[in-house]
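Here, each number is a calculation from the coordinates, and none is a lab measurement. Remember, predicted model here, so these are calculated numbers, not experimental data. Cβ: placed from backbone, ideal geometry, glycine included. Neighbour counts: every protein chain shown.
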Amino acid sequence: MVTGWVAAILVVPAVVLGLPYLLSAPPADAEVRRLEAMEEWVRSVSGVLTAGVGLEQAIMTSLRSTPEPIRPEVSRLVGRIRARWGTVPALRIFADELNDPTGDLIAANLILGAKRRGAGLASVLDALAESVGDDVRARREIEADRAKPRSNARLITLISVAVLGFLALSGDYVAPYRTPFGQALLIVLLTLYAGALLWMRKMSQGKPMPRFIGQSVRDEAVAA
């Protein structure tokens, strides 16, 4: 209000709040680590099953060696089994908590094993772990291909902010925007430019695979 730049009331908070998001790394690395943890956990459950114990006991025993990225979800699953929950409902909630299509695949195989109680569940889980491992390697290759455009997007964002900040402080360049109409036009132009930066960041991210199990999927099916 002192300088006459009322547009700064909107522009400055938007820059302070939006810049960290534009420069932050996407959650792809965390997703890959969770996939690796799922693969390791499935192998652990399979290894315990080969010792001749039941599925519920194998899940509870696997908690000791569960990798950290999915330990909270497995801990809650073990807690429900120990609290005498049905294995199938507990595994469905487990899939919802993992919130990942690969987690749905793991939960679906465990649910089938809990219903049929066959002797071949360990071999099925071994094959599933191999499939998850292939998925992890494919995801890593995809993320390596996406790393360059993401780096370019962050670099363009930094250059844009630096140039706009320099021009704003120079005085002469932004002088025509001092009028009320000019400041409104400036907000529109900056909004469009920020939208282009967000679009560029979104293009460097992949679309998540659809899930096929869990409460959220049932709700979507009912709504449809």
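Place the peptides 83-93, 122-132 in order of packing, highest mean first, counting for every residue the other Cβ atoms within 10 Å and averaging per peptide. Please list the in-between numbers first.
On the way: 83-93: 15.5, 122-132: 17.8.
By packing density, highest mean first, the sequence is 122-132, 83-93.
Axis of helix 8-23 versus longest Cα principal axis of the chain: the two differ by about 40°, to the nearest ten degrees. Angle of helix 71-82 to the longest C-alpha principal axis of the chain, folded into 0 to 90 degrees and rounded to 10: 40°. Charged neighbours of residue 161, selected by a Cβ distance under 15 Å, balance to +2 (K, R count +1; D, E count -1). Among residues other than residue 141 whose Cβ falls under 13 Å from its Cβ, what is the net charge (Lys/Arg +1, Asp/Glu -1)? Every neighbour counted, the sum reads 0.
Calculated mean residue ellipticity at 222 nm for the chain: -25500 deg cm²/dmol, from DSSP H runs with n ≥ 4 weighted as -39500 (n - 2.57), summed, divided by the residue count and rounded to 500. Run the paramagnetic zone check for residue 141: 7 angstrom along Cα to Cβ, then residues of region 86-103 with backbone nitrogen under 20 Å. From region 86-103, the list is 102.
Once R0 is set to 30 Å, what does the formula 1/(1 + (r/R0)^6) return for the Cβ-Cβ distance between residue 161 and residue 99, expressed as a FRET efficiency to the nearest 0.05? Let's see the in-between values first.
Details: r = 34 Å, r/R0 = 1.12.
For residue 161 and residue 99, the calculated efficiency is 0.35.
Highest mobility in the GNM of the chain, judged by mean-square fluctuation with C-alpha springs under 10 Å and restricted to 157, 66, 179, is found for 179.
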